[in-house]
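A short reminder: the numbers here are calculations on the coordinates, not readings from a lab. Bear in mind the structure is a predicted one, so any value in this text is a computation, not a measurement. Heads up, the Cβs are rebuilt from the backbone with ideal geometry, glycines too, and the neighbour counts pull from every protein chain shown.
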There are 2 protein chains.
Amino acid sequence: MTRTLEMFASLLESGKWNRAAHSRPEPNASDAIGPDHDVRSMLIPLRGVVIVFGASNFPLAYGVCGGDTASALAAGCPVVVKEHPAHRNTGRLLAQIARDAIKSSGLDPDILGYVEDDGSDTASLARSLVEHPNAAAVGFTGSTTIGTTLIKIANARPIPIPVFAEMGSVNPNIIFPGALASRSAEIAKQLAASIAARHGQQCTCPGIVLVPSNDRTFADTLEAELAKNPPRRMLSPNVQSSYEKAVAKVSKAVGENVATHAAPDQTLPIILKAPTKAGLSLPEILETEMFGPAAIVLSGTMADSRSAIEKLPGSLTISVWFDHSDRETLDALLPDLADRAGRIIFNGVPTGVRVAEGMVHGGPWPATNRPESTAVGPRAIERWCRPVCYQNAPRTSLPRELGSVGANPRAC
Amino acid sequence: MTRTLEMFASLLESGKWNRAAHSRPEPNASDAIGPDHDVRSMLIPLRGVVIVFGASNFPLAYGVCGGDTASALAAGCPVVVKEHPAHRNTGRLLAQIARDAIKSSGLDPDILGYVEDDGSDTASLARSLVEHPNAAAVGFTGSTTIGTTLIKIANARPIPIPVFAEMGSVNPNIIFPGALASRSAEIAKQLAASIAARHGQQCTCPGIVLVPSNDRTFADTLEAELAKNPPRRMLSPNVQSSYEKAVAKVSKAVGENVATHAAPDQTLPIILKAPTKAGLSLPEILETEMFGPAAIVLSGTMADSRSAIEKLPGSLTISVWFDHSDRETLDALLPDLADRAGRIIFNGVPTGVRVAEGMVHGGPWPATNRPESTAVGPRAIERWCRPVCYQNAPRTSLPRELGSVGANPRAC
């Protein structure tokens, strides 16, 4: 959080965030279309409060003091956070620390409000926040079910407001023939570590692996590596129950019978296996996020993988594992992959998200409902802004940021 | 259209449109948060067809070959236009000219499709287009009623798609005391010309005028100037019928009885008058767009104007008319005005939209449902795009635009 705040502080100082543009009158220029006014624009914060819903899995990165809160405060919007009921105490503590810090900076601590959710009636609480007349926008990280519910509530308001919902993602990993032939064990080890990290409870956890061969070596190595991780408790009973349901659904679709837990509250990492062709006709396989340490390995030919790619739902990420001999096949597929994810990872796991300007943490439906935005990196601030144009304004009436671009014709 | 296309051609050549960003690995830098990957991102076109709904009023600027079509083609999306039934012949002709031009450029003419609407079942036709699985986004310019219907259809799809709807706007004009005292006749003449231009059938036509005085001179001048314009036919019988209904609604709210037409198909320009305080409690006055040559003048004190501003709905534009003595009052109000419009015009009429990078043709609900976007200017292209991040990609696998930013650390 501190480093994320530092990033936004540096961004605000640089002025790069506001997308300032200045089109000076150009009486004879060919691009002066329409009346030749002086028009300058920049982003301003939305009017009202940004409602942030904390996630179940990352009380620091996606909670009271997470990226949504930091970017909304940086934009200039007050924030009210409804923390996930799984993190009541953590959330309350973080909110108090943050409010004290805000106060000691000379700002009003009420720019950050905290709503505690004891879990007894989350639906009503969420609705009352999204329907509140002062709400300007919503940031949500969680399941597709709850995300779509919040979107519906926001759209039904007398004045609809935007919801930026990061929902489920199956994060496909596509292995190419050359890479499989030359380093299947190495790739399997990296994937197993990524699936098992944080017991799989990450939005970028690999959920589907497409393998261009019926050889079982890769899948067996993956399974063996994963089995080295002990059974663990999940973040909450709800997370465990959802995990077990999703695994059961995919297991049933592929006709496998797997144990999801070692003890009532100790879940196991799981690899399911099926022919890629099965995935082509079964949406349960391709579209069900098993939020937890589970992935399905779909094996077939590279042609099968290509057909499966056409049916993949939108994801936050797609990883491609290749070597030099795969480059032509890979490059031909890249446009199709770019249409299905916010981030394409070359020879690497999807877990681990760098906070930087070049990052896109987003993606097509159902991964998010706003694929034009990112939840991570400095451009996350733009979710809470809109542009305003000042036409023929006196220099001294302009926001400071626009007054100073005047010296530079067509600055932006 | 030609000049708009030239603008987009120049934009594509410059590469400025794509928002390319490159965050190089920075092992020791304080802003390298998270794993230190090389991440580059840029905008790519949405996958699928952009559906454009032509407007009733501007068959050139908002029709087959208008800004929505031009920006979507520039983004790289194929387009299907459903022209307004009021412009069947114009639309068919334009589509044929455009398709011939596309073909003679060596491109597939089917990147621009044309759907003719004879008006017999526009609702079903619109629904079938927005629900089509290949539709990626929708551009619409028209009424709030139809805009909200299209938004609902798009949100209810299995995979929702964005609708960029430009709907109704009352375009308030706020006159400050100093300007009124020094040049009320001059302002009234400019406003009358703006209201009467194209017989008022423009999305930026002034609809509300707030005057900080009970003096009738300003309103009478405005009315007299407007009366110099002869009665005219409106764009279509539907436009006329909507105009008459809206004027009747506002007239009833203010207790005035006005004639809206001189002959069955000849409508009159109209000025309605009421005390500003009436507007504070009557949403019919402040929120009803009378699409046509009509405005309501609300007179009271400057304090009344300020209270009315708080109740104004979102608009495409707000104009402020001031002189030097008004500057302090104006500057104090600017943040509130910026929250209510996409463009603030200083001492000028709202009609006449410059096509330039600094322009914002958009605004808060109900003027549009996507106040973060603009329908005019080069940034209109961004409506049909989303960013994709390439993590640790080989230089030769990157899109050309991202391969070339590598030489410049942190280029964007």
Exercise for review: Taking each label point as 7 Å beyond Cα in the direction of the beta carbon, state the distances from residue A:396 to the same residue in the other copies, shortest first, in nm.
Suggested key: 6.2
Exercise for review: Specify whether the C-alpha gyration tensor of the stretch A:65-163 places it in the rounded, prolate or oblate class, a ≥ b ≥ c being the square roots of the eigenvalues: rounded for a/c under 1.5, otherwise prolate if a/b is larger than b/c and oblate if not.
Suggested key: oblate
Point to revise | Burial ordering of B:302, A:234, fewest other beta-carbon atoms within 10 Å first | key: B:302, A:234
Practice item. Calculate, in nm to one decimal, what residue B:282 and residue B:401 gain on full extension: separation in residues at 0.36 nm each, minus their alpha carbon distance. Key: 37.5 nm
Practice item. Would you kindly work out, in nm and rounded to one decimal, the distances from the label point of residue A:237 to those of the same position in each other copy, ordered shortest first, with label points 7 Å along Cα-to-Cβ? Key: 6.7
Check your understanding: Summing -39500 (n - 2.57) over the DSSP H runs of n ≥ 4 in the protein assembly as shown and dividing by its residue number, what mean residue ellipticity at 222 nm do you reach, to the nearest 500 deg cm²/dmol?
Key -> -11000 deg cm²/dmol
Revision key, fill the gap. Fraction of alpha-carbon pairs in chain B farther than 26 Å apart, rounded to whole percent, equals 59 percent
Review point. For the protein assembly as shown, what is the percent of antiparallel DSSP beta bridges, rounded to the nearest 5?
Key: 25 percent
Revision key, fill the gap. Here, GluC sites (Glu not before Pro) of the stretch B:273-371 satisfying both criteria (DSSP loop; at most 15 other Cβ within 10 Å) are none
Exercise for review: Along Cα-to-Cβ, 7 Å out, sits the label point; list in nm, shortest first, how far the one on residue B:127 is from those in the other copies.
Suggested key: 2.7
Review point. What distance in nm separates the simple spin-label points at residue A:303 and residue A:12, each placed 7 Å from Cα in the Cβ direction?
Key: 5.9 nm
Exercise for review: Run through the DSSP bridge list for the stretch A:242-380 and note the antiparallel percent, rounded to the nearest 5.
Suggested key: 15 percent
Exercise for review: Order by neighbour count: A:13, B:116, fewest other Cβ atoms within 10 Å first, most last.
Suggested key: A:13, B:116
Practice item. List, in the order given, every pair from B:189/B:252; A:152/B:249; B:189/B:277; B:245/B:273; A:311/B:152 whose Cα-Cα distance in the structure shown is over 20 Å. Key: B:189/B:252; A:152/B:249; B:189/B:277; A:311/B:152
Point to revise | Per-pair calculated FRET efficiency, R0 = 56 Å: residue B:116 and residue A:224 via Cβ, rounded to 0.05 | key: 0.35
Study note, to complete from the structure: Rounded to a whole number, the mean other protein chain Cβ count within 10 angstrom for residues of B:339-348 is 6
Check your understanding: Hey, what did the stretch A:172-346 get for relative contact order, percent, Cα under 8 Å, at least 6 apart?
Key -> 31 percent
Review point. Per the Kirkwood treatment, what hydrodynamic radius in Å, one decimal, follows for the protein assembly as shown from the mean inverse distance over all distinct Cα pairs?
Key: 28.3 Å
Check your understanding: FRET efficiency for residue B:104 and residue B:249, Cβ-Cβ distance as r, R0 = 51 Å, nearest 0.05?
Key -> 0.55
Study note, to complete from the structure: The summed charge of the residue B:127 Cβ neighbourhood (under 12 Å; Lys/Arg +1, Asp/Glu -1) stands at +1
**Study point:** lysines whose Cα lies under 25 Å from that of residue B:16, excluding same-chain neighbours fewer than 8 positions away
**Key:** A:16
Check your understanding: Where does the charge balance sit around residue B:145 when Lys and Arg score +1, Asp and Glu -1, over other residues with C-beta under 13 Å from its C-beta?
Key -> +1
Review point. Where both partners of a DSSP beta bridge lie in the stretch B:172-346, what percent of those bridges are antiparallel, to the nearest 5?
Key: 10 percent
Review point. By counting other Cβ atoms within 10 Å of each Cβ, how are B:349, A:52 ranked from fewest to most?
Key: B:349, A:52
Exercise for review: Mind checking which of B:181, B:267, B:346 is farthest towards the positive end of the stretch B:172-346's charge dipole, using Cβ charges of +1 (Lys, Arg) and -1 (Asp, Glu) about the Cα centre?
Suggested key: B:267
Review point. Tell me which B residue has its C-beta closest to the axis rotating B onto A, and the distance in Å?
Key: B:155, 3
Review point. For the stretch A:175-290, what Kirkwood radius comes out of the mean inverse Cα-Cα distance, in Å?
Key: 14.8 Å
